[in-house]
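To keep things clear, I will list the structure first and then write my remarks on it.
All of the numbers you see were taken from the coordinates with simple rules; none came from a lab. Everything numeric here is computed off the predicted structure, so don't read it as measured data. Cβ coordinates were reconstructed from backbone atoms using ideal geometry, including for glycine residues, and neighbour counts include every protein chain displayed.
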Amino acid sequence: MASTTVPEAAATVTHDDHGHEEHATSYGMSNNKMAMWLFLSSDCLLFGALISTFLLYRTNISDGTPFAEPADVFDIPFTSLSSFVLLMSSLTMVLALSAVKRDDARNGRIWLLTTAFLGMIFIGGQVYEFTIFSAEGLQYSTNTWTSAFFTLTGFHGVHVSVGILMLLGTVAGTRESGLGKEKSETVELVGLYWHFVDIVWVIIFTVIYLIPIG
Amino acid sequence: MSVTESPETHHDHDAHDDHPSDRSYVMIAIGLAILTAVEVLLFVIEDQIADTLGVGSVKIALILLMIVKFWIVGAYFMHLKFDNLILTKLFISGLVLAVAVYFIMLSAFEFNFWNDGLLDQGLPGGIS
Amino acid sequence: MAIVERPLAIGAGDDAIETNDRPLGSVTRPKETGSWKDWLTTVDHKKIGIMYGVAAMFFFVIGGAEALLIRIQLATPNGTLLSPDVYNQVFTMHGVTMIFLVAMPMGAAFTNYLLPLQLGARDVAFPRLNALSFWVFLFGGLFLNSAWLFGGGADGGWFNYAPNSSVTFSPSHGIDFYALGLQITGVASLVGAINLITTALNMRPKGMTLMRMPIFTWMNLVVQFLLLFAVPVISIALFQLTFDRLFDANFFNTEAGADPLLWQHLFWIFGHPEVYILILPSFGIVSEVIPVFSRKPIFGYSFMVASGVAIGFMGWGVWAHHMFVSGIGPISVAAFSLSTMFIAVPTGVKILNWLATIWGGKLRFNTAMLFAVGVVSMFTIGGLSGVTHSVAPADTQQTDTYYIVAHFHYVIFGGTLLGFFSGFYFWWPKMFGYKLNEKLGKTNFWLQIVGFNVTFGPMHILGLQGMSRRIDTYDAGFGFERWNFVATVGAFIIALGIAFFFVNVAVSRNQWIKAGRPNPGPDPWDARSLEWMTASPTPVHNFDEEIVVESQDEFWHRKYGYDENHNVVRIATAAEVAQDGSNTNVHLPSPSYFPILLALSMPIISYGLIYSLWLCIPGGMLMVYSMVGWIFEHPDDPNAAHDHHDDGHDGDDHGALPDSGTELEAGDGDEELVAVGAGAVGETVASDVVETEATDG
């Protein structure tokens, strides 16, 4: 990292190789990082609205016969497995960041690709689940429960997919310029997004899949 | 703020020094995996617990586990624990706001159902 | 606004090395300067602020025309100008336009222009995202209004309650345009919020602690937080509405057992913070104007800040007072009734502090001050009628009557809009280099305030007499005739007043040009905050050098000190203290085509969702294309001349700034080197960095 520090007060400017300029900010962190956290903070309200809608409608079926329990609808062993996969992708993500920070581009790439791969497994699981539901007659417009469920998990799935694109984009975009230490903030920000998507799933898994209604 | 720091400390000024090692990341992940296993186990033996302790205890346990997992990922994987406190504040403000607002909203629905019940019994109720 | 053509800076981009100029091999980084195209690609927060203002004014004229149609229809009993169906569309679009396309972007105009200046910053944190916000807002607003051309606007009222918003009850595409249009403008607000919060929190100059920030900046920081958290809520509600209407989801389908209260809750969880999103920028403006024209510091600065933050907080706990008659049950009604009464307290604190600032001051009743005093008095009336709503039994009587209409016009017109006009008169010389005419301005003010009271004052009476809101006509004999007629007369007086504003702009500019474009100086009002510490109109690079802040009202403290008897004495003239804008060694973020292209993709996709999913494909491709181009285009063009892209941002009103754009810092070699400042120690430069993450949201 071509880090140069101008000794004069308030003239601290570092420049590195990926267009990230950092002068002495008020909190000593890059604007990018703060912006990312603000975005994630805002996303809490987004997923909160979706989860609340699902909670409102999970027993609210038009013909008066609520889905008795999540166990009757969901394939819990299957979802547990895909939840586990997503959880472990958070591990590979931090390992990727750790490698990039060590200037270990090769392992950084491997872990990033592993993370993306685990994310794809998760998405594949979700597509499988949707297909099964659909075949069982639970389609998007079947009732309020299905609308709320597909929208919630669909929004999460879109978030995961965007994350996968960001991971792959990071790997592809640094093919020529290299995935050196100076890229660690990019990887870090992608990671923050990825972990956030993971903790949203931690909530969804518990609240939607595990907690009994009765 | 790193106005006059030397170059060495400068690019580390996000306080990355006491970051967990890869090894501790793996340990944290194993812990998360165990917690997830406990969650699923709770789900499996839900009926047995519900018989003795009531279904509410299962719910509370699952929610506690969820919060612990959430906190571990946030604090270590997203390294809020090691970053400037302002980030935690920003994130927590959105999180707490979301929980509070939606909890009140869902409660309003619940209260409303309760109100309907009152009305069914002929008690004075809402203004609708 | 046209731009005077002026010669390119010598060598600007001539011998540039093609590094990232054509990230995708097709769209070249904009290079030429001085043409109208500058405005399409600019990332300068001042130009963007001005564009926000112009766009908001454009929509203001549309919304105002809709208001006049409503008032003509209601002037006499059994009006026949509009059919009931068209009337529904007109009042819905009037409300939506005025709130989302006038009041919010006008606040954004002031915030964009002033927030970085008041902080002493070079630009916002993410200049390209800032441009994106504007274009997304503009295209969203045009998309929303394009519904008129495609079978009529939305007709469900601005809050568009379910299930009345379903296809069954509103088969035209109006509500689809509403849902998608507001979704798009929501993206603009969210991106802007992230950008401006980051700017205010992370880009303050040395010494500018949070509790030294001007009140205007503080209030807008609160607003941006409200937007940050409120926009996702309405986004989900709008998504649910869209999915219901276009893809047969069941969120609000009561036949499938859906609960229509869900929409109401989500809408008002957004909708009440939205009320404060509308009013707080105006509070900020008033808090700047009153101290300047009272020649006193703001009374109780920390209370002003704290009450603003408290309003922002408590604004989240009162939403259900919009739903007292929706059947939410006695516990909810009682709880929200109480919280609503409490929120009047911090607002009252503000009113008190403004009065205490005026008290004993050396008052100058310029137009800006008149408008500010207008805000304080009119908003007090609106605030008090608001408190009457918190009393649930009374509210039950008032709901959906003209009393409500009177109330929210007193706060939004009397509070927000008058505040913006105060801001126009106050900051006009800073933005455009000439003062607005005081005589015409005062005519503007009096017509507006008299017209306003004549229009909306009688509505209180009409409402309490039982005239319901949103009714397209009424029969004679209910006692509605006289006050309705009076209100219509008032509406035309307002229109006349607004016309005087436009006349004033034209006349003042002509007089100024005839007088040989005299410069108003950096500080025409003897003001207090940092934006007055640079030349008027603001130079492209804002400040020559970073300002080190030592106190609140920094600029004032540099002009005034105390003598041995502790009397305030002038220690320096504004010209001595202010920077003259002559530093040309400033490397600014470079313009880009990608924000406008990315923004353009959104309405295309939205038309596709409504009419044919095939259209989503080119829209989606444009979106992906511009995102990829965005990421690979460096935010700062290393080969560009300093100041090269943004001269004459103040329109055609003056020629070149002295020296600007004529000095070159030859290719720095290091393309990331942003702050160069030869001799100027410590440049504050906006960092527009790799924005990949922020664009995906």
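Using Cβ contacts closer than 10 Å as the measure, can you line up B:Tyr76, C:Tyr402, C:Tyr625 from fewest to most?
C:Tyr625, B:Tyr76, C:Tyr402
Applying the Karplus parametrisation 6.51 cos²θ - 1.76 cosθ + 1.60 with θ = phi - 60° to the phi angles of region C:336-341, what ³J(HN,Hα) value in whole Hz is obtained for each residue in order, glycine and proline being reported as x?
Going residue by residue, I get 6, 4, 5, 4, 5, 5 Hz, with x marking Gly and Pro.
Using the Karplus curve 6.51 cos²θ - 1.76 cosθ + 1.60 with θ = phi - 60°, what ³J(HN,Hα) values do you get for each residue of region C:397-411, in whole Hz, with x for Gly and Pro?
With the stated coefficients, region C:397-411 comes to 6, 8, 3, 6, 10, 5, 4, 5, 4, 4, 4, 6, 6, 5, 7 Hz.
Taking all pairs of distinct Cα atoms, average 1/r, flip it, and tell me the Kirkwood hydrodynamic radius of region C:160-206 in Å to one decimal place.
Its Kirkwood hydrodynamic radius stands at 13.1 Å.
For the pairs C:Lys47/C:Lys439; A:Lys33/B:Lys69; C:Lys47/C:Lys362; A:Lys101/C:Lys47; C:Lys350/C:Lys430, note any where the Cα-Cα span goes beyond 32 Å.
C:Lys47/C:Lys362; A:Lys101/C:Lys47
Relative contact order for chain C using alpha-carbon pairs under 8 Å, separation at least 6, rounded to a whole percent?
Relative contact order for chain C comes out at 20 percent.
In sequence order, what are the phi-derived ³J(HN,Hα) couplings for region C:354-365 according to the Karplus relation 6.51 cos²θ - 1.76 cosθ + 1.60 with θ = phi - 60°, rounded to whole Hz, with x for glycine and proline?
Each residue's phi maps through the Karplus curve to give 5, 4, 5, 5, 5, 4, x, x, 8, 7, 10, 8 Hz.
Within 10 Å, count the other beta carbons around each residue, average over each peptide in C:434-443, B:80-89, and list them highest first.
For the peptides C:434-443, B:80-89, the packing ranking is C:434-443, B:80-89.
Whole angstrom only: what separates the Cα centroid of region C:611-630 from the Cα centroid of region C:531-563?
Distance between centres, Cα-based: 45 Å.
Can you give the mean number of other chain Cβ atoms that lie within 10 Å of the Cβ atoms in peptide B:27-37?
3
Please give the calculated 222 nm ellipticity per residue for chain C, where each DSSP H segment of at least 4 residues contributes -39500 (n - 2.57) and the sum is spread over every residue; nearest 500 deg cm²/dmol?
-19000 deg cm²/dmol
Rounded to two decimals, what ratio of Rg to Rh does region C:185-266 give with C-alpha atoms and a Kirkwood Rh?
Checking Rg against Rh, the ratio lands at 1.23.
What's the average, rounded to a whole number, of partner chain beta-carbon atoms within 10 Å of each residue's beta-carbon in C:219-227?
Mean shielding count: 1.
What's the angle, to the nearest 10 degrees (0 to 90), between helix C:367-390's Cα axis and the longest principal axis of chain C?
Helix C:367-390 and the main axis of chain C meet at about 40 degrees.
By average Cβ neighbour count within 10 Å, what is the ranking of C:274-286, C:484-496 from highest down?
The most tightly packed comes first, giving C:274-286, C:484-496.
Treat every Asp and Glu Cβ in chain C as -1 and every Lys and Arg Cβ as +1, leave all other atoms uncharged, and give the resulting dipole magnitude about the Cα centre to the nearest 20 debye.
2700
What average number of partner chain Cβ atoms lie no more than 10 Å from the Cβ of the residues making up C:256-269?
That average works out to 6.
Quick check: the angle from helix C:481-514's long axis to the longest principal axis of chain C, C-alpha only, nearest 10 degrees?
For C:481-514 against chain C, the angle is about 10 degrees.
Starting from the Cα gyration tensor of region C:505-604, take the square roots of the eigenvalues, sort them a ≥ b ≥ c, and report rounded, prolate or oblate (rounded when a/c is under 1.5, otherwise prolate if a/b is larger than b/c, else oblate).
Since a/c reaches 1.5 and a/b is larger than b/c, the shape of region C:505-604 is classed as prolate.
Please report the spacing between the Cα centers of region B:78-105 and region A:142-214 in Å, no decimals.
18
Test of the criteria: in region A:90-177, which trypsin sites (Lys or Arg not before Pro) are in a DSSP loop and have at most 15 other Cβ atoms within 10 angstrom of their Cβ?
Loop-located and lightly packed - A:Arg102, A:Arg175.
Place the peptides C:104-111, C:54-61 in order of packing, highest mean first, counting for every residue the other Cβ atoms within 10 Å and averaging per peptide.
Per-residue Cβ counts within 10 Å, averaged per peptide and sorted highest first, yield C:104-111, C:54-61.
Radius of gyration and Dmax for region A:101-143's Cα atoms, expressed in Å?
17.4, 52
Expressed as a whole number of Å, what is the distance separating the alpha-carbon centroids of region A:65-132 and region C:376-450?
Computed from Cα coordinates, the inter-centre distance equals 53 Å.
Mind checking the angle between helix C:45-75 and chain C's longest principal axis? C-alpha axes, 0 to 90 degrees, to the nearest 10.
The angle comes out at about 20 degrees.
What per residue convex hull volume, in Å³, comes out for chain C when only alpha-carbon positions are used?
150
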